[in-house]
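I have placed the structure first, in the form of structure tokens, so that the comments after it can refer back to it.
The values are calculated or read from the model by the stated rules, or taken from the named source; none is laboratory data. Every value quoted in this text rests on a predicted model; they were computed, and no experiment measured them. So basically every Cβ, Gly included, is an ideal-geometry build from the backbone, and we count neighbours across all protein chains shown. Areas reflect the complete protein model, heavy atoms only, side chains present, ligands, DNA and RNA absent. Shrake-Rupley method; radii C 1.70, N 1.55, O 1.52, S 1.80 Å.
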Amino acid sequence: QVLLVESGGGLVQAGGSLRVSCAASGRTFSGYVMAWFRQAPGKEREFVAAIRWSDAFTQYKDSVKGRFTISRDNAKNMVFLQMNNLKPEDTAVYYCAARNNILVLTSHQSYNYWGQGTQVTVSS
């Protein structure tokens, strides 16, 4: 059973930085894509970034390119999302997700496993 546990959310001022982490367990993830999604109150869950575990290929939502970086630590089975120059519109619950396929997709319906989420709040 795949288990994803997020940590590292919090409150930060606009322009600040935050790193959220996802501890993954229960599988060998070499054939997986790991992703971060977010959901703000009253809005749909949206794709933020993804990384293919095998070759570290990455993909980003346009509005976070140049500000956010997704990475993974093979030895620790962890995925990170470094968020810089945060904006109030980045405020949301951030979810770690896993897809047991090497294709990088951006629809939340394509992901099989989800963490419980971590709140990120950016004040103006």
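What the table below lists for this structure:
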quantity: With every protein chain in place, the chain: carbon and sulfur % of accessible area (1.4 Å); calculated: 47
quantity: Size of electric dipole in the chain: Cβ of Lys, Arg +1 and of Asp, Glu -1, about Cα centre, debye, nearest 20; calculated: 120
quantity: Separation in nanometres of the label points that stand 7 Å from Cα toward Cβ, at SER25 and VAL5; calculated: 0.5
quantity: Accessible heavy-atom area order of GLU46, GLU89, highest first, probe of 1.4 Å; calculated: GLU89, GLU46
quantity: Accessible-area value, THR106, 1.4 Å probe, nucleic acids and ligands omitted, Å²; calculated: 70
quantity: Net lengthening on full extension, ALA40/ASN85 (0.36 nm per residue, minus Cα-Cα); calculated: 14.4 nm
quantity: Gaussian network model of the chain, springs between alpha carbon atoms under 10 Å - residue of ILE102, ILE51, ILE70 with greatest fluctuation; calculated: ILE102
quantity: Region 34-124: trypsin sites (Lys or Arg not before Pro) in DSSP loop, at most 12 other beta carbons within 10 Å; calculated: LYS43, LYS65, LYS76
quantity: THR121 paired with ASN101, simple spin-label distance in nm, labels 7 Å along Cα-to-beta-carbon; calculated: 3.8
quantity: Order of exposure, largest accessible area first, which applies to LEU105, LEU3, LEU81 with probe 1.4 Å; calculated: LEU3, LEU105, LEU81
quantity: Loop chymotrypsin sites (Phe, Trp or Tyr not before Pro), region 28-117, which have at most 12 other Cβ atoms in a 10 Å radius of their Cβ (DSSP); calculated: PHE57
quantity: Whole-number accessible area per residue in Å² for the chain, which is evaluated in the context of all protein chains at 1.4 Å; calculated: 49
